[in-house]
Amino acid sequence: MGLAEVSTVLWTERELLELLLFKLEEEQLVLASGRARWLAHATREVEMVIEQIRGAELSRAVAVDELAAELGLLPGPSLTALADAAPAPWSEMLRDHRQAFLDLTDEISQISKSNRELLLQAARTSREVLMGVEGHAAQTYTPHGTKTMPAPSTRVIDRAL
């Protein structure tokens with residue numbers, strides 16, 4: 001497999017990473033809107049793209065190993081090692097792919113972290129609401145660090161909901 005084929009595989013993987021970033025942003029919008037109805041669909045779409053990325057990573061590993069053999073490198077070289085061994089203009093293209101992968105994975109990490117925080121916040125809020133509806137007040141802390149229970153309050157619940 002030559003440099004053109006490896007570059008094609010790398011482009012495919014980059015496109016999948018961009019799609020993952022898009023799906024994570026969709027998931028974030030669903031989380032931020034509070035519309036939990038669509039959260040399962042958004043999460044399923046993220047998982048489907050991740051599965052496609054796993055297949056692309058396998059294809060990349062095979063293609064890179066074949067190219068490494070052609071260039072006289074050991075199996076499993078980094079993109080930097082491939083770029084160093086490849087002739088121009090392929091060396092620059094491989095470096096561009098590497099930088100794009102670094103940028104995309106950084107963005108994906110950031111939005112994944114943000115989505116986890118939104119999920120944790122939603123879970124905490126849901127738990128506190130349920131505790132209040134069931135008559136279990138959420139524990140809080142005094143300025144001295146001891147636990148306290150808020151005074152019970154009267155609640156009106158519209159059962160028509």
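Here, each number is a calculation from the coordinates, and none is a lab measurement. All figures in this text were calculated on a predicted structure; none of them were measured in a lab. For neighbour counting, all protein chains shown are included, and Cβ atoms are generated from backbone atoms with ideal geometry for every residue, glycine included.
Here are the numbers for this structure:
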{"item": "Most to least packed among 77-86, 118-127 [average Cβ atoms within 10 Å]", "result": "77-86, 118-127"}
{"item": "Net length gained if the chain between S59 and A81 were fully extended (0.36 nm per residue, minus Cα distance)", "result": "6.1 nm"}
{"item": "Angle in degrees between helix 90-133 and the longest Cα principal axis of the chain, rounded to the nearest 10", "result": "10 degrees"}
{"item": "Pairwise label distance in nanometres, A36 with T142, each label 7 Å out on the Cα-Cβ vector", "result": "3.4 nm"}
{"item": "Computed [θ] at 222 nm, helices only, for the chain once each DSSP H run of length n ≥ 4 contributes -39500 (n - 2.57)", "result": "-25500 deg cm²/dmol"}
{"item": "Separation in nanometres of the label points that stand 7 Å from Cα toward Cβ, at S114 and I50", "result": "1.9 nm"}
{"item": "Per-residue ³J(HN,Hα) for segment 35-41, Karplus 6.51 cos²θ - 1.76 cosθ + 1.60, θ = phi - 60°, Hz, x for Gly and Pro", "result": "8, 5, 3, 9, 4, 4, 5"}
{"item": "Counted charge near Q110, where neighbours are those whose Cβ lies closer than 14 Å (Asp, Glu -1; Lys, Arg +1)", "result": "-4"}
{"item": "Total formal charge among the other residues, if their Cβ is under 10 angstrom from that of L82, Lys/Arg +1 and Asp/Glu -1", "result": "+1"}
{"item": "Value of D in µm² per second that Stokes-Einstein yields for segment 3-138, Kirkwood Rh from Cα pairs, at 25 °C (0.890 mPa s)", "result": "141 µm²/s"}
